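The values are calculated or read from the model by the stated rules, or taken from the named source; none is laboratory data. Computed from a predicted model, the values in this text were never measured in an experiment. Every residue, glycine among them, receives a Cβ derived from its backbone with ideal geometry; neighbour counts consider all protein chains shown.
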C-alpha cells in the first residue's frame, strides 16, 4: 500500500467518525508517514494540530514520534486508544481520537470528551446524518455536485479537487448523501430539496468561512477583472442599480481596492469572499444570457447570496430565479 493510499484511508476513517460530533478535519499536508498538520473545525471554531497516527496508540509508541516540532499541539489518533492511555494523554494536555469514537478535543469554546467506546460509532439517526451534510466544508462538496450534477460520476479525488476539500471530507459527504438517499449509485437525487437546504444553510455555515474583506466605496462603474466573479444583486441583469457588490476571487489583489478608492468598513456595501471551488474540466457553463452578467458566479451561489442579504428586493429576485428554474 502506498503512503498516499494509506493517508487517504486514515482521512476517510477519521472524517466518518467525527461526523457524529459535527467535527470537520482537513489535512493541510502529511509531514511524514505517520504525522500530518491538520485543521479541526466545529461550528466556526478552528484549531490546527500536529496529527500523530499510531497503529497501537500507547505512550511507548508515542515516544517514538519526533516531538521536536512544537509549533502545533499534538493530536494522537489510531484504531484504538485505551482508557489508560487516554487518561495519560489528557494529563499531558494532548488531545486524541480513535476509530471507535473515543474523542478528547479541547480548543477555544469547544470541549468534547467521550470515553469507553469499544466499537465503530454509528450515525445516531437519519436526521443527524442529514444535518452533518450542512457543515462548512461538506457544503463545498454539495456545491460542486449541485452545480455540476455529472461530477457525481467523477472519482472522489477529482470531486475533492473541484470542491477544495480533503478526500476524507469528500468521501464522508458522499456516504452521508447515500444514507440519506440524495445519492443513488452515482446519480444525484432530490436535487431541488438539496438546493433549498443548501441555500438556507449557506448564511450560517459556509459564509463565515469564506468571508475575506468588507469594504465600502463606489461600485457604479466597476467591472470584474479576469478571474473575479460577481454574485448577489450585482450579478443579476434585472437589478438595474445594485447597491451592493459581492466578489469571489481566489486571490483578491488589494491594489484593486486602492484603484477604486474602496476602504475597509464596518458598514460595507462590498464583500470579498474566497472562491473555494474549481469547475470540473468537463463542466459546461450554465446558459444565463440575459439573466446573469457575464462575470456572474454559478447560479446556486447567486441564489444563496441573494437570500442571505435579508433584503426584500433581493429575496424577491431569488424567488423569481428559483420559480423559473434558473437555479
### Summary
Only one of (1) in a loop (DSSP other than H, G, I, E, B); (2) surrounded by fewer than 17 Cβ atoms within 10 Å (Cβ to Cβ) does not apply to residue 214, and that is (1)
### Task
Answer with yes or no whether residue 315 is surrounded by 14 or more Cβ atoms within 10 Å (Cβ to Cβ), in a helix (DSSP H, G or I) and in contact (Cβ under 8 Å) with a residue 12 or more places away in the chain.
no
### Query
Of the conditions (1) at pLDDT 95 or above; (2) more than 13 Å from the chain's Cα centre (by Cα), residue 144 fails just one. Which one is it?
(2)
### Of all residues in region 197-207 being surrounded by 15 or more Cβ atoms within 10 Å (Cβ to Cβ) and at pLDDT below 90, the one that is nearest to residue 17 (Cα to Cα)
205
### Residues (in a helix (DSSP H, G or I) and under 25 Å from residue 164 (Cβ atoms)) located in region 251-276
254, 255, 256, 257
### Message
Is it the case, given these coordinates, that residue 76 is in a strand (DSSP E or B), closer than 15 Å to residue 169 by Cα and either modelled with pLDDT of 80 or more or within 23 Å of the chain's Cα centre (by Cα) (or both)?
### Response
no
### Query
Is it fair to say residue 158 is modelled with pLDDT of 90 or more and on the phi > 0 side of the Ramachandran plot?
no
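Results for (1) outside the structural domain of residue 167 (by TED's automatic domain parsing); (2) in contact with a strand residue (DSSP E or B) (Cβ under 7 Å, 6 or more places away or on another chain); (3) at pLDDT 90 or above; (4) at negative phi, shown as yes or no for each residue.
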| site | (1), (2), (3), (4) |
| --- | --- |
| 8 | yes, no, no, yes |
| 13 | yes, no, no, yes |
| 27 | yes, yes, no, yes |
| 45 | yes, yes, no, yes |
| 84 | yes, no, no, yes |
| 91 | yes, no, no, yes |
| 101 | yes, yes, no, no |
